[in-house]
Structures are given as structure tokens and as C-alpha cells.
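Here is the structure we will look at.
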Amino acid sequence: PSKPVLLISDRSFRFEKYVQAIRATLGQGHTALVLVPEIALASHMEASLRESFPDELRVLHSSMTAVERRKVTEFLNDQSKPGVILGTRVSLFLPYRNLGLVVVDEEQDPNYKQSDPAPRYNGRDLAIVLASIHKADVILGSPCPSLESLYNAWNGKFTLESSHAPRVTAEIIDIAAERRKRGMDGRFSYKLISEIQKTEGPVAIVRGWEPQEELRQSIDKLFPGKDIDLLTPYEAQTRPKAYGLAAFLQADSIFPREDFRSDEKAIQAITRIAVCAKKTVVQTLKSEHPVYKALSSGEGIHEALMAERKAFSLPPYSRLISVKDSNILRLGATIRKLGLNTSISKPNPSQILVSIGRDSNFNAEKQRGAAAISDADAEFQRSGHPTVDVDPL
């Protein structure tokens, strides 16, 4: 098999590439696995794949019954013909025998990460491991990839293919400035009202903290007869429908958490919604934020984010290990065993974050960290165990 392919493109082009690769895989007598990050996206992908592979397609996700899951397993055990398995990360654990292709759609989606309970793994990374075991090809598809995958592509571990890549731009409206000049009607700026009124076709309005009933009343009053979908960010991202306009009433709600991944998550969330619209308008209280500046200018933000991560030795230039422990004494023992030379931060009294740089000492430091956690745990065997999570979200 060749190196994993990172395919950066819009949804329609990605789907065409998936279908071509699946057909080639089936023609060679192998099974193909298509992963999606959540059940809501599985239904959309199923409808599209069913047209091309009506007899070969089988679907698996956590909402299915035990009987339905068993039928998928029986289908895989029947080696008379290859098939296409579409599923969420739970489908990684099926008994594959002749796997030839693994497709990970929306590879940047945080829902691929199993954070709780154990085992804590990233479905995207596990898919690559599964493919390597079966010597299968891998396609990672996304309109706005994760920095980890970009890092691997820039360093030659993945093959980068950027065709029909969406160039997302947005008109940024400063809510604070509009309020100062009395340019707001409730939650809507006059600029946004004008854009919605002149838009042909359906409009998606993405709300944040605003009450749904209040917004619906405003929409009925301001835009009578308009085809408008009022959506949460989650609903907007899981509903691949074409819109004339996508409008964010207060985009700051997309990344309320202040962590080093917030900018990356925000640009990915906006991109997934904006690629389905002819135009995007973003209302915000933080118009000077780098994400909004990048959206306004149309310039790529990934290089800037990557440079920032490198300067502070953050993933993907390092690996983070979260150790949570209600036993403060055991957590203290873990810190002592890790040693003074280890890069450790302490978000709260019951958690530490250990950073391991991606250099020549990476494997040795990883083993030393694992040994330190294990040794500290052995000293307090009767008081539970620490929770270890590699690359936590």
C-alpha cells in the first residue's frame, strides 16, 4: 500500500474520489471501510453510497441493535464477495479479513476521539493502524484538515492532495461597533438583515447562546416568507445542505473554551458550514481575532497556527499526556518520578499535562513517562487508579 493520502477538497469532490477508490478495491476482491465521525453524518453518506453500491453496502454504528450488528459481522465472515462497511469508530473493531481500503471522512472531527471511558483512542489514528495491519490503502478526507494530519503531510508521512479545496472567506461584522452606531435590531445587525433580504435561495442562521423562540419570532418579523433554517453549530455541521447564505449571529460561541486548540476548532467548524453556502457572514464581538482576520482576508491560517504551535512546543510538535488522579499523593509521586527535566503543567489540583517533544529522544521519553505513571500507581494500589489520556481534546 502507498502512504496515507490527505485529501483536502469540498464534499462532492471527496465523495467522487471515495467512490473511485472503493470501486477499485472491490474489483481487487477486497473490502472497503468508510468512517464518519458521528451517526448524523452516517445517514447522509449512506444515501450517497447506496446509489453506487446497493448490494455491497452495510452500515454499523452504536445506535443499531445487537441483531443488526451481528448481521454485519456475518456479512464480513462470508468471504464469497467483498463489501463496503460504513460506520462510526465502533466499526474499527469488526473482524476484517480482506480489508483493502480505509476512508476517514472529516478526519479533523473531534468526535473521532474516544475520551471516556477507556480505551481512550483517536479513531482516525486507529484507522491508520488497522490499515497498516491489513496492508490497506488510506484516504483521510477533509475540507479543513487537522494540524496533526497537515504536519504529517508536510513531513512526508502522508501524501497531500489538495483538489477543489474550498477557499472560505467571510464578511465579518463587528457587533460592538454596530451597537455603538445603533446599527442593530435585536440580535441582527442592519448589515446582516440587508444580506439576508437580498439572498436568493435558502438561508442558514447559526445561533449561539440566543434563545431559539426569541430568534424565531425575530426571523418571522424581519424576514416574512424567507426560507430560513435556524440551526445550532452542531446541526449546521451535520446537515450538508446548499445555502445561499450562512450567517453566524455570534460566532464567538463556537469556541468558548480557551485552550490551544480553540482557534483550530473554530476555523474547522466555520469551514464545514461555510463550504455549503455561496456567501458567509459572521457577526462577532472579537473582530480582531486571528481566525476572523484570516476569514476576512481569505488567507490561510494553518501556517500561522502551526508556527504558534512550534514556538510553544505544542502538538503536533509534541505529544501531550493527561494524567488525572483524585489521589493527590499519588499524583505528587507521579510528578516526582517524572523528574524535574520533564515539561509538566498543572491545569488543576487533580490533573497534570506532560509534554514530550518529537525529537530523537521521543521513544525513550515516552517509555520513561509510562514507567513513572505505572510505578506511582503501584505504590497506591488500594486507592483506585489514575486516568491517562494521550493527546486529550
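The values are calculated or read from the model by the stated rules, or taken from the named source; none is laboratory data. Worth saying up front: this structure is predicted, and the values here are computed from it rather than measured. Quick reminder, even Gly has a Cβ in these numbers, built from the backbone with ideal geometry, and neighbours come from all protein chains shown. For accessibility, only protein heavy atoms count, side chains too; no ligands or nucleic acids. Shrake-Rupley method; radii C 1.70, N 1.55, O 1.52, S 1.80 Å.
Here are some notes:
- Region 16-37 - residue that is of a type outside the set (A, V, I, L, M) and surrounded by 18 or more Cβ atoms within 10 Å (Cβ to Cβ) and, of those, farthest from A242 (Cα to Cα): H30
- Boolean, D116 is open to solvent by 20 Å² or more (accessible area, probe 1.4 Å), within 26 Å of Q237 (Cβ to Cβ), in contact with a strand residue (DSSP E or B) (Cβ under 9 Å, 6 or more places away or on another chain) and acidic (D, E): yes
- Scanning region 197-212 for residues that are closer than 14 Å to F248 by Cα and crowded, with 16+ Cβ neighbours inside 10 Å returns V203, A204, I205, V206, R207, G208, E210.
- Residue check, V90 of a type outside the set (D, E, K, R), in a helix (DSSP H, G or I) and farther than 17 Å from V103 by Cα: no
Residue-wise test of (1) over 30 Å from the mean Cα position of the chain (by Cα); (2) more than 24 Å from G300 (Cα to Cα).
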position: E148; (1), (2): no, no
position: F158; (1), (2): no, no
position: A177; (1), (2): yes, yes
position: S189; (1), (2): yes, yes
position: G208; (1), (2): no, yes
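- Residues located in region 138-164, provided they are in contact with a strand residue (DSSP E or B) (Cβ under 8 Å, 6 or more places away or on another chain), aliphatic (A, V, I, L, M) and crowded, with 17+ Cβ neighbours inside 10 Å: V138, I139, L140, L150, A153
- Extreme residue, surrounded by the most Cβ atoms within 10 Å (Cβ to Cβ), among residues of region 295-309 that are in contact with a helix residue (DSSP H, G or I) (Cβ under 9 Å, 6 or more places away or on another chain) and outside any loop (DSSP other than H, G, I, E, B): L295
- Positions within region 346-370 being touching a residue at least 24 places away in the same chain (Cβ under 8 Å) and among the aliphatic types (A, V, I, L, M), in sequence order: I352, L353, V354, I356
- One residue stands out in region 340-376 among those that are touching a Gly at 6+ places or on another chain (Cβ under 9 Å) and assigned to a helix (DSSP H, G or I): the one that is nearest to D259 (Cα to Cα), namely E365.
- Among (1) open to solvent by 40 Å² or more (accessible area, probe 1.4 Å); (2) assigned to a strand (DSSP E or B), the one test that R182 misses: (2)
- Among the residues of region 99-108, none qualifies, meaning not one is open to solvent by 70 Å² or more (accessible area, probe 1.4 Å) and either assigned to a helix (DSSP H, G or I) or under 24 Å from S2 (Cα atoms) (or both).
- Within region 314-345, the set of residues being among the hydrophobic types (A, V, I, L, M, F, W, C) and either in contact (Cβ under 8 Å) with a residue 24 or more places away in the chain or more than 18 Å from G357 (Cα to Cα) (or both) comprises L314, L320, I321, V323, I328, L329, L331, A333, L338.
- Subset of region 337-393 [within 14 Å of N327 (Cβ to Cβ), under 31 Å from the mean Cα position of the chain (by Cα) and open to solvent by less than 30 Å² (accessible area, probe 1.4 Å)]: Q351, I352, I373, P386
- If you check R216, R207, R182 for being without any contact (Cβ under 8 Å) to a residue 60 or more places away in the chain and on the phi > 0 side of the Ramachandran plot, only one passes: R182.
- Boolean, V72 is open to solvent by less than 70 Å² (accessible area, probe 1.4 Å), touching a Lys or Arg at 6+ places or on another chain (Cβ under 6 Å) and over 28 Å from A236 (Cα atoms): yes
- Selected residue (criterion: farthest from the chain's Cα centre (by Cα)) from residues of region 160-175 that are among the hydrophobic types (A, V, I, L, M, F, W, C) and outside any strand (DSSP E or B): I175
- Inter-residue pairs, beta-carbon under 7 Å, first part of a loop (DSSP other than H, G, I, E, B) and in region 23-49, second acidic (D, E) and at pLDDT 90 or above, 6+ apart: V36/D105; V36/E106; P37/E106; P37/D109
- Every listed requirement among (1) within 18 Å of C276 (Cβ to Cβ); (2) crowded, with 17+ Cβ neighbours inside 10 Å is met by S189 save one, (1).
- Condition met for E51 (under 22 Å from T238 (Cβ atoms) and open to solvent by 20 Å² or more (accessible area, probe 1.4 Å)): yes
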